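Remarks on the structure that follows.
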Amino acid sequence: MSVVENIQNVRAKIAAAAEKSGRTAEDVLLLAVSKTKPVELIGEAVQAGCLSLGENKVQEIMDKFDAVKPVKWHMIGHLQTNKVKYIIDKVSMIHSVDSYKLAAEIDKRAGAKGITMDILLQVNSAQEESKFGITTAETEELIHEILENCENIRLRGLMCVAPFAEDPEDIKVYFDEVKKQYDQFAGIEHPHLDFKYLSMGMSNDFEVAIENGSNLI
């Protein structure tokens, strides 16, 4: 299957899953993960309309930033505080904020560049030791800490990577937990909080994630 055919297939599944939850495909942002992929292949995805690209590693964003345009880059992997400075003016959103320490560094670097950085908080609702992220119980406290102290950050929502399951229906409970947290803050008016994105769902489980409220996969 070609890149274009694969994207068309995914979009058809997005539309079907969105319809089940009373929405349309336009309500769900497809983030194409370009990690380890060559620039030529990424270009095919861009030509097919994938203008939002996700990378797990800082170095890959830096290597591809000038070669792939026009796109919005998203940092979706674990981000170390000492590497924030390299991508702060290259990405449109950081999805993997899992501590106040990291948020404070993003705030500092964004302030130095005169920009406001959009972020998502990574929630590890299954509390898997192999994954980063805060627990659902820690989410509210971290949100308030960021809002009280970080002037150059805008909280756009939550991100969750659920455990792998042969049957995605088995992990609905983890998506549901994060959706409940998201709903607590969606619609709140605050200059540094504008919940718009609930990022849940990858290749093996995005349909179930969409049915459970995800609008970024």
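A quick yes/no check of all residues on (1) under 23 Å from residue 66 (Cα atoms); (2) at pLDDT 95 or above:
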{"position": "4", "(1), (2)": "yes, no"}
{"position": "9", "(1), (2)": "no, yes"}
{"position": "12", "(1), (2)": "no, yes"}
{"position": "31", "(1), (2)": "yes, yes"}
{"position": "35", "(1), (2)": "yes, no"}
{"position": "53", "(1), (2)": "yes, yes"}
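Under the condition of being of a type in the set (Lys, Arg) and touching a Ser or Thr at 6+ places or on another chain (Cβ under 8 Å), which residue from the range 71-103 is most open to solvent (accessible area, probe 1.4 Å)? Spell out the reasoning first.
First, pick out the residues of the range 71-103 that are of a type in the set (Lys, Arg): 72, 83, 85, 90, 101.
Narrowing the set further to residues that are touching a Ser or Thr at 6+ places or on another chain (Cβ under 8 Å) leaves 72, 101.
Numbers: 72: 127, 101: 144 Å².
The qualifying residue most open to solvent (accessible area, probe 1.4 Å) is 101.
List the number of the failed condition for residue 85; all other conditions in (1) free of Cβ contacts under 8 Å to residues at least 24 places away in the same chain; (2) farther than 20 Å from residue 206 by Cα; (3) of a type in the set (Lys, Arg) hold.
Failed condition: (1).
Restricting the first residue to the range 44-71 and requiring it to be touching a residue at least 12 places away in the same chain (Cβ under 8 Å), which pairs with a second residue that is among the aliphatic types (A, V, I, L, M) and open to solvent by 70 Å² or more (accessible area, probe 1.4 Å) meet a Cβ separation below 6 Å and a spacing of at least six or different chains?
Within 6 Å, the pairs are 54/33; 71/51.
Scan the range 104-125 for residues that are surrounded by fewer than 18 Cβ atoms within 10 Å (Cβ to Cβ) and on the phi < 0 side of the Ramachandran plot and jot them down.
In the first step, residues of the range 104-125 are kept if they are surrounded by fewer than 18 Cβ atoms within 10 Å (Cβ to Cβ); the result is 104, 108, 111-116.
Within the range 104-125, 104, 108, 111, 112, 113, 115, 116 qualify.
Which residues, counting only those in the range 190-217, are modelled with pLDDT of 95 or more, assigned to a loop (DSSP other than H, G, I, E, B) and of a type in the set (Ser, Thr, Tyr)?
214
Just to be sure before I move on: is residue 35 open to solvent by 30 Å² or more (accessible area, probe 1.4 Å), basic (Lys, Arg) and within 23 Å of residue 144 (Cβ to Cβ) in the structure I sent? Show your work before the answer.
Working: open to solvent by 30 Å² or more (accessible area, probe 1.4 Å): yes; basic (Lys, Arg): yes; within 23 Å of residue 144 (Cβ to Cβ): no.
So residue 35 fails the test.
The values are calculated or read from the model by the stated rules, or taken from the named source; none is laboratory data. Note that the structure is a prediction, hence the values are computed from the model and not measured. Here Cβ is always computed from backbone atoms with ideal geometry, including for glycine, and neighbour counts include all displayed protein chains. Remember, those area values only see protein heavy atoms, side chains included, never the ligands or the DNA or RNA. Shrake-Rupley method; radii C 1.70, N 1.55, O 1.52, S 1.80 Å.
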